[in-house]
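Report on the structure given below.
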Amino acid sequence: MTENKDDVTLIVNSREKEISSKVLSPNGEITFDEVVKLAFADPPSGPYIVFTVSYWNGAGRPPEGILYSGESVKVQDGTVFNVTVTDKS
């Protein structure tokens, strides 16, 4: 999947995103905020904006689930994220 062993290929909203393993924590985890930035180059903001992040094929336990703000998840090549944004207004 990746040519550089320091890179990890993630699938974010159906698009391959190669990221440097240096972006990940020492445990190989990526944060909620980092995933949102991968999904949206210029994320919408405002008091009523809510992001929902689901994932599967993760490297940790559980290998799938919902990622909430402030959390992180252990990833591997091919971990898939679906990020949606909702305006609660």
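The values are calculated or read from the model by the stated rules, or taken from the named source; none is laboratory data. Remember, predicted model here, so these are calculated numbers, not experimental data. All Cβ positions, even for glycine, are placed from backbone atoms using ideal geometry, and neighbour counts span all protein chains on display.
Hey, Ile66 hits all of (1) at pLDDT 95 or above; (2) surrounded by 13 or more Cβ atoms within 10 Å (Cβ to Cβ); (3) among the hydrophobic types (A, V, I, L, M, F, W, C) but one; which does it fall short on? Every condition holds for Ile66 apart from (2).
Of the residues examined, Val35 is not one that is free of Cβ contacts under 8 Å to residues at least 40 places away in the same chain, outside any loop (DSSP other than H, G, I, E, B) and either more than 23 Å from Asp7 (Cβ to Cβ) or among the hydrophobic types (A, V, I, L, M, F, W, C) (or both). Can we say Val83 is surrounded by 14 or more Cβ atoms within 10 Å (Cβ to Cβ) and touching a Leu at 6+ places or on another chain (Cβ under 7 Å)? Considered against the rule, which asks whether it is surrounded by 14 or more Cβ atoms within 10 Å (Cβ to Cβ) and touching a Leu at 6+ places or on another chain (Cβ under 7 Å), Val83 comes out as no.
Which residues, taken from the stretch 29-54, are closer than 13 Å to Thr79 by Cα and surrounded by fewer than 17 Cβ atoms within 10 Å (Cβ to Cβ)? Within the stretch 29-54, Glu29, Ser54 qualify. Note on the stretch 22-32: among residues that are part of a helix (DSSP H, G or I) and under 12 Å from the mean Cα position of the chain (by Cα), the one that is modelled with the lowest pLDDT is Val23. Would you check which residues across the stretch 5-16 are in contact with a strand residue (DSSP E or B) (Cβ under 7 Å, 6 or more places away or on another chain), in a strand (DSSP E or B) and either exposed (fewer than 11 other Cβ atoms within 10 Å of the Cβ) or in contact (Cβ under 8 Å) with a residue 40 or more places away in the chain (or both) and list them? Within the stretch 5-16, Val8, Thr9, Leu10, Ile11, Val12 qualify. If you filter the stretch 78-89 down to residues that are modelled with pLDDT of 95 or more and in a loop (DSSP other than H, G, I, E, B), you find that the one that is farthest from Ser54 (Cα to Cα) is Gly78. When each of Ser45, Ser72 is tested for being hydroxyl-bearing (Ser, Thr, Tyr) and at pLDDT below 95, the lone residue that passes is Ser45. Of the listed requirements (1) part of a strand (DSSP E or B); (2) exposed (fewer than 15 other Cβ atoms within 10 Å of the Cβ); (3) at pLDDT below 95, Ile19 misses just one: (2). A single entry from Ser45, Ser69 fulfils the requirement of being part of a loop (DSSP other than H, G, I, E, B) and free of Cβ contacts under 8 Å to residues at least 24 places away in the same chain: Ser45.
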